[in-house]
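The values are calculated or read from the model by the stated rules, or taken from the named source; none is laboratory data. The shown structure was predicted, so the numbers you read here are calculated from the model rather than taken from an experiment. Neighbour counts run over all protein chains shown; Cβ positions are idealised from the backbone, glycine included.
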Amino acid sequence: MSDRSPVLLWFRKDLRLDDNAALMAAVQNGGPVVCVYVREPQSEKVGPLGAAQEWWLHHSLTALDAALSEKGNRLILRSGTAVEALAILARETGARSLFVNRLYERDEIDPAILEQLHRTGLEIRRFKGQLLHDPKTMRTGTGGPYRVYTPFWRALEKEGEPREPVDAPASIPAPAHVPASESLADWDLLPQRPNWAVEFENLWQPGEAGAHQRLKRFIDKPIERYKRDRDFPGLEDATSMLSPHLAFGEISPARIWHATRGLTATEDMIHFRKELVWREFSYHLLVEFPRLASANWNDRFDTFPWAFDKAQFAAWTTGQTGYPIVDAGMRQLWRHGYMHNRVRMITASFLIKDLMINWRKGEAWFRDTLLDADAASNAANWQWVAGSGADAAPFFRIFNPILQGEKFDPAGDYIRRFVPEIAGLPNRYLHKPFEAPLAVLKEAGVTLGTTYPKPVVDHGLARDRALSAYAHVTGRSADPDPRD
């Protein structure tokens, strides 16, 4: 028998109506649904991750409110600690239960918050849906967590197809008297002067509708060449561009997986699924090691002799390192709130191994500037490059920024788009302008050190320094792959 008293539905990183387990259960409960988003203080370490994501959050909440209005409801905005804000809202509405979807990155703090809310008299019901699987149920043959991706993928395959996603409800009953909501404009989530997000709107459509449009466009064509094209940043529509939508829960991984079911099981489709499962693996790691963003998974790296040059770090963040593929990536990040995945690996390798700057600095920068910053994937990917993570690339795999640019941006389309001051250079020197003859530089209108920076480090010397530091930590030397 259902309880027809109002239900509080707490939206967090599940800003969607489609395939939302907590929402469906709240509607099926039979009573009014009070939809709320709480902007928790940064001191609680659960608020928006960075400035770029605040821009996305503003537009995503706007889209969610509009979607709820079409279903006969609305979104209530409140600020403060979750316990205080939700307890007050429960008293205002007479709600006796709270429905919420699980957030695995909050597994350390959620139980205490929900227990405090339970003590106020609320029945707490928590649901799954952020992932394809429950990390705690994925175990090796010996009962421990997976530390290597490939066995993890195989184990997930053996489980069979994930559950079917559930469509959004036809309507969402609202309470007779909808409580007051704070104004989204008063939250000041959007940049003012300067408006560094000016190009975001031309590239992104935050919200559930935008997520489903991205998915449809990707499934219609680009997925057919995904494995081949995904490493080339100059190609248009070579990747799904779904990561910000996933980060905010505007689309569920089950919905994305379901969209690939009607496709032939090609290498492209399987490779795309494996990327989705890498996200799952990252959460598996985070649940087992909640300090993934701040501590080395492999504690052998705790004694690594990091360096920090403030000027070099600033050059990296602003795309002024003198290595075009690195600079293009960092400028794309600033302009679009996004960076191509191959270039993320190149720029991360450059920070960690060429500049010898602690991976945590890069993780924090990406967390503040990426629209798709994700608690699990961002940390896991940085530790993967650093060699300190689970199933990580070995530290001695040091990307050569010149060879990487020549291999993955051979025509220079990506570099010319984001580093236009060197666009006039012939392809032969585009990836290494510091080797171009003066006559070539002059003809292209390039003056090294003035119109475009000289390299902040010599890659060959930097590689030797990194390998020496690695030998210091491990007690053994290793030769990098020259193809990197």
### Query
Can you tell me which residue in region 127-161 is surrounded by the most Cβ atoms within 10 Å (Cβ to Cβ), limited to those that are among the basic types (K, R) and without any contact (Cβ under 8 Å) to a residue 40 or more places away in the chain?
R139
### Message
Which residue is surrounded by the most Cβ atoms within 10 Å (Cβ to Cβ), if the candidates are limited to region 291-326 and must be of a type in the set (S, T, Y) and in the same structural domain as A386 (by TED's automatic domain parsing)?
### Response
Y323
### Query
Can you tell me which of A63, A52, A26 is out of contact with any helix residue (DSSP H, G or I) (no Cβ under 9 Å at 6 or more places or on another chain), within 30 Å of H258 (Cα to Cα) and in a helix (DSSP H, G or I)?
A26
### Task
Mind telling me which of the residues D374, D413, D409 ends up being surrounded by fewer than 19 Cβ atoms within 10 Å (Cβ to Cβ) and at negative phi?
D413
#### Entry: Residues (crowded, with 20+ Cβ neighbours inside 10 Å, under 19 Å from I415 (Cβ atoms) and not charged (D, E, K, R)) located in region 203-237
P233
### Task
Determine whether I352 is touching a residue at least 12 places away in the same chain (Cβ under 8 Å) and more than 23 Å from L286 (Cα to Cα).
no
#### Entry: Test result for L49, farther than 22 Å from A211 by Cα and within 28 Å of the chain's Cα centre (by Cα)
no
### Query
Has region 426-441 got any residue that is part of a helix (DSSP H, G or I), closer than 30 Å to A293 by Cβ and touching a Phe, Trp or Tyr at 6+ places or on another chain (Cβ under 9 Å)?
no
### Task
Answer yes or no as to whether G322 is part of a loop (DSSP other than H, G, I, E, B), in contact with a strand residue (DSSP E or B) (Cβ under 9 Å, 6 or more places away or on another chain) and either polar (S, T, N, Q) or under 22 Å from K13 (Cβ atoms) (or both).
no
### Query
In this structure, is P175 surrounded by 15 or more Cβ atoms within 10 Å (Cβ to Cβ), assigned to a loop (DSSP other than H, G, I, E, B) and not assigned by TED's automatic domain parsing to the domain that holds T239?
yes
### Query
Of all residues in region 327-338, which are assigned to a loop (DSSP other than H, G, I, E, B) and crowded, with 24+ Cβ neighbours inside 10 Å?
G337
